[in-house]
Amino acid sequence: MVLMVVVLMQVSDVYRKIRLTIRFLLGNVHDFDPSQHAVPYSQLPLTDRYLLARFAHLLQDAQTSYSQFQFAKVYQVGSKSLPSSLQKSTR
């Protein structure tokens, strides 16, 4: 019974991190208007291009895993990638 509680606490902690990361990101783009603020890809800083490439790879992996009904893999990749990408980009 104790092990089940520990596992549930870990899952809820990862879920909270993902939710707060997405909330933070959405809070920073709430007033973004692509027609006024868009920057051509070639003019983006290297860090932004790197994060966009990582996100595209993460999105492709998630879509593949969803299509193969591998929901645990989507969860694992998302829980490892999203919070760590945000931490790396804010240093």
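Calculated FRET efficiency, His57 to Arg19, Cβ-Cβ distance, R0 = 22 Å: about 0.50 to the nearest 0.05. For the chain, the relative contact order comes to 41 percent (Cα pairs under 8 Å, sequence separation of at least 6). Taken as entire DSSP H runs, the helices of the chain that both span 18 Å or more between Cα atoms along their own long axis and average 0.0 or more on the Kyte-Doolittle scale are 2-28. In plain terms, the chain from Asp31 to Val77 could stretch by 13.7 nm, reckoned as 0.36 nm per residue minus the Cα-Cα distance. The dipole here belongs to the chain: it is taken about the Cα centre, uses +1 on the Cβ of Lys and Arg and -1 on the Cβ of Asp and Glu, and is about 300 debye. Would you please classify the overall shape of the chain from the alpha carbon gyration tensor, given that a ≥ b ≥ c denote the square roots of the eigenvalues, rounded means a/c under 1.5, and beyond that prolate means a/b larger than b/c while oblate covers the rest? Taking the square roots of the gyration eigenvalues as a ≥ b ≥ c, the chain is prolate. Please give the FRET efficiency for Leu3 paired with Leu44, using the beta carbon to beta carbon distance and R0 = 35 Å, rounded to the nearest 0.05. Between Leu3 and Leu44 the formula returns 0.15.
No value in this document is a laboratory result; all are computed from the given coordinates. All of these numbers come straight from a predicted model, not from anything done at the bench. Cβ atoms come from the backbone with ideal geometry, glycine included; neighbour counts cover every protein chain shown.
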